[in-house]
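A quick write-up on the structure given underneath.
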Amino acid sequence: MEPSACEDLKAFERRLTEVVASYGPSTMRWRFVLATISICTAIGAFYWLRDPRTSVVPLVESLLLHPIFTFATMTLIILFIMGIHKLVFAPKIITTRMRTVLKDFNMSCDDTGKLILKPRRNNNLEFSGH
């Protein structure tokens, strides 16, 4: 491989690893937020369903009697509408898309963004015995 191409690949790999690494802290923060709200929703749902008044009173009144469950559920719905699922998996989305693009160039990358050079395919298959 010529030196300029090698330099370009190294620069590309450096930039790709920087981009993937930059999503790390943000991704961890969003995973923590999602886990916390999910746990609050699950605990709130447990108490909401165990409340004997839930089956007797109208739905709106039942939800007003359990503000933690109502708030956590609404927050969870809003977070999913705003795309928290994309923020939680951002590095994985980037590396998956890069693998798709790099496949055309006989390359791939790992989950950290490091390039993987694959051996060239040999189109001149030799047959023995003929």
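The values are calculated or read from the model by the stated rules, or taken from the named source; none is laboratory data. Small disclaimer: the values here were computed from a predicted structure and weren't measured. Note: ideal-geometry Cβ built from the backbone for every residue, glycine included; neighbour counts use all protein chains shown. Heavy atoms of the whole protein, side chains included, go into the accessibility calculation; ligands, DNA and RNA do not. Shrake-Rupley method; radii C 1.70, N 1.55, O 1.52, S 1.80 Å.
Between PHE89 and residues 5 or more places away or on another chain, which pairs have amide H atoms under 5 Å apart, with H built 1.01 Å from N, and which residues are they?
For PHE89, no residues qualify.
Starting from the Cα gyration tensor of region 21-91, multiply each eigenvalue by 5, take the square root, and state the resulting semi-axes largest first in whole Å.
31, 11, 7
Of the options ASN106, VAL19, ILE78, report the single residue whose Cα projects farthest towards the positive end of the charge dipole of the chain (beta-carbon charges: Lys, Arg +1; Asp, Glu -1).
Working it through, the farthest residue towards the positive pole turns out to be ILE78.
Using modelled backbone amide H atoms (1.01 Å from N, in-plane), which distant-in-sequence or interchain residues come within less than 5 Å of CYS109's amide H?
ILE116
Based on DSSP H runs of at least 4 residues, each adding -39500 (n - 2.57), what is the mean residue ellipticity at 222 nm of the chain after dividing by all its residues, to the nearest 500 deg cm²/dmol?
-23000 deg cm²/dmol
With charges set only on the Cβ (+1 for Lys and Arg, -1 for Asp and Glu), what does the dipole of the chain come to about its Cα centre, in debye to the nearest 20?
100 debye
Counting heavy atoms of the protein chains only and a 1.4 Å probe, report the per residue accessible area for the chain as a whole number of Å².
78 Å²
Given C-alpha coordinates of the chain, what is the ratio Rg to Rh with the Kirkwood estimate of Rh?
Reported Rg/Rh (Cα atoms, Kirkwood Rh): 1.33.
Which whole-number percent gives the relative contact order of the chain, counting Cα pairs below 8 Å spaced six or more residues apart?
29 percent
Evaluate the distance, in nm, between pseudo-label points positioned 7 Å from the Cα of LEU9 and of PHE105 along their respective Cα→Cβ axes.
Going from the LEU9 label point to the PHE105 one covers 1.0 nm.
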